[in-house]
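Here is the structure we will look at.
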Amino acid sequence: MAAGQTSQEPDRGAAVPEAGPDPAALLGWYDAHRRTLPWRAPPGAPADPYRVWLSEIMLQQTTVTAVQPFYARFLARFPDVNSLASAPAEAVMQAWAGLGYYSRARNLHACARTVVAEHGGAFPASLDGLLALPGVGPYTAAAVGAIAFDLPAAAVDGNVERVISRIYRVEEPLPGAKPRIRALTQALVPALRPGDFAQAMMDLGAMICTPRRPACGVCPWMGSCAARAAGDAETFPRKAPKKAVPSRFGAAFVGVRADGAVLLRTRPPEGLLGGMDEPPGGAWREGDAMPALADLLQEAPFAAPWRPAPGGVRHVFTHFRLELVVFVAIVATDYAAPAGMRWVRRADLARSALPNVMRKVVAHGLEFAGRARSGVE
DNA sequence: CAGACGTGGGC
DNA sequence: TGCCCAAGTCT
């Protein structure tokens, strides 16, 4: 659609919805068009709270496509809350490596242990009980409550914010509009099938009421949508302008043993990539350009014949861009790991808790080491 | 409450 | 390339 003007008031002449959105109409659409997802119980079957909770945590700020393989592997490895609670933290971080937002994994593990220690292994069936669990906020508590326990809770995620802001043409930008959107949503939650209603709202947002080019022509609520009537659905929800993301620069040091093993350490438990593995690295400094190689080399974790691998590694985080020079040094197989670090054999790298940015660093360093050893450079 | 917190895909 | 987006939570 044409985006239309961005600062308009409701058109006096525009068509106006004849009635409010009907939850039953949405449920009817859901029964016919619902997505089949691995964490979803078949129609009419009760949902497993553990699986619902696990999927909701994984899906926070993460696409269904990205979650699917992680969910399958994770569930195979930790089939129930007891197996997760009794697992070591490293195993959980390893299973989460690559999914991002690693505090979710820490909180997931803490949550499983809380459920086992304080709730006898059963998830609390109340909103307050769920909300008290680590990593469970207003959205997740409502989603698990509605889907797994039939609580008439409003699970308001990004999909629902988009759907509701269009239906009612909410002019206030996010995040300020959240309380209003939540109240508007809560008023629609049906006493029967609240879990299906929650999932229907998400499917509607994901399949029909999409951020760009919404398929208003096949929407079960098209007759009740103020934005559709005004022809500017795509401009909702209104959002506060974003800030520019700064760049940071630094060095990573990939120590490679003659037998191919790589030197890794584990990051501190809190903060960026908390609890995840990495090759040792220097500080990441904000700026406009990469510091001189000689300056970066000052931060080498130990003395070795460090050489910069051509190209480096770029990565984009939510709040900054990162550019790393990857220094590589090949050392003897009997070289002892410095304090706080360990040698990880090539075959074991896949089972380490390397976040993707650090996987890129290791791959880049190993590629250069391989070429250097075969004398191809 | 604004900022921290990953990653990959679409356009 | 760059910007936006995706089932948020915690501090």
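The values are calculated or read from the model by the stated rules, or taken from the named source; none is laboratory data. The structure presented is a predicted model; accordingly, all values stated were derived computationally and were not measured. Glycine gets a Cβ as well: all are built from the backbone with ideal geometry, and neighbour counts include every protein chain shown. The area values use the complete protein model at the heavy-atom level, side chains included, leaving out ligands, DNA and RNA. Shrake-Rupley method; radii C 1.70, N 1.55, O 1.52, S 1.80 Å.
Exactly one residue out of A:77, A:73, A:106 is more than 18 Å from residue A:139 (Cβ to Cβ), among the charged types (D, E, K, R) and more than 16 Å from DNA strand B (Cβ to nearest atom): that is A:77. Determine whether the stretch A:210-227 contains at least one residue that is free of Cβ contacts under 8 Å to residues at least 40 places away in the same chain and charged (D, E, K, R). Yes, some residue in the stretch A:210-227 is free of Cβ contacts under 8 Å to residues at least 40 places away in the same chain and charged (D, E, K, R). Check whether at least one residue in the stretch A:320-331 is open to solvent by 60 Å² or more (accessible area, probe 1.4 Å) and within 14 Å of DNA strand C (Cβ to nearest atom), and report yes or no. Within the stretch A:320-331 (the criterion being open to solvent by 60 Å² or more (accessible area, probe 1.4 Å) and within 14 Å of DNA strand C (Cβ to nearest atom)), the answer is yes, since at least one residue qualifies. Across the stretch A:67-80, the number of residues qualifying as open to solvent by 40 Å² or more (accessible area, probe 1.4 Å) and in a helix (DSSP H, G or I) comes to 6.
So that you can scan it fast, the table gives a plain yes or no per residue for (1) free of Cβ contacts under 8 Å to residues at least 60 places away in the same chain; (2) open to solvent by less than 10 Å² (accessible area, probe 1.4 Å); (3) assigned to a helix (DSSP H, G or I):
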| residue | (1), (2), (3) |
| --- | --- |
| A:205 | yes, yes, yes |
| A:245 | no, no, no |
| A:252 | no, yes, no |
| A:259 | no, no, no |
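Put simply, of A:303, A:350 the only residue that is free of Cβ contacts under 8 Å to residues at least 40 places away in the same chain and within 16 Å of DNA strand B (Cβ to nearest atom) is A:350. With respect to residue A:87, is the statement that it is at pLDDT 95 or above, surrounded by 15 or more Cβ atoms within 10 Å (Cβ to Cβ) and assigned to a loop (DSSP other than H, G, I, E, B) true? Taking the combined requirement at face value, the residue satisfies it.
Only one of the listed residues (A:258, A:292) is away from DNA strand B (no atom under 16 Å from the Cβ) and within 21 Å of residue A:247 (Cα to Cα). That residue is A:292. Residues that are open to solvent by less than 30 Å² (accessible area, probe 1.4 Å) and of a type in the set (A, V, I, L, M, F, W, C) were ranked within the stretch A:230-239; the one that is farthest from residue A:208 (Cα to Cα) is A:236. Just one of the numbered conditions (1) in a helix (DSSP H, G or I); (2) open to solvent by less than 30 Å² (accessible area, probe 1.4 Å); (3) not hydrophobic (A, V, I, L, M, F, W, C) is not true of residue A:214: (1).
Residues that are closer than 11 Å to residue A:327 by Cα and open to solvent by 60 Å² or more (accessible area, probe 1.4 Å) within the stretch A:292-306 comprise A:293, A:297, A:305, listed in sequence order. Within the stretch A:18-36, residues that are closer than 12 Å to residue A:204 by Cβ and in the same structural domain as residue A:181 (by TED's automatic domain parsing) reach partners that are open to solvent by 60 Å² or more (accessible area, probe 1.4 Å) and part of a loop (DSSP other than H, G, I, E, B) with beta carbons closer than 8 Å, at six or more positions or on different chains, in the pairs A:27/A:193; A:34/A:43. Checking each residue in the stretch A:306-327 for being away from DNA strand B (no atom under 16 Å from the Cβ) and either under 27 Å from the mean Cα position of the chain (by Cα) or under 10 Å from residue A:252 (Cβ atoms) (or both) picks out A:309, A:325, A:327.
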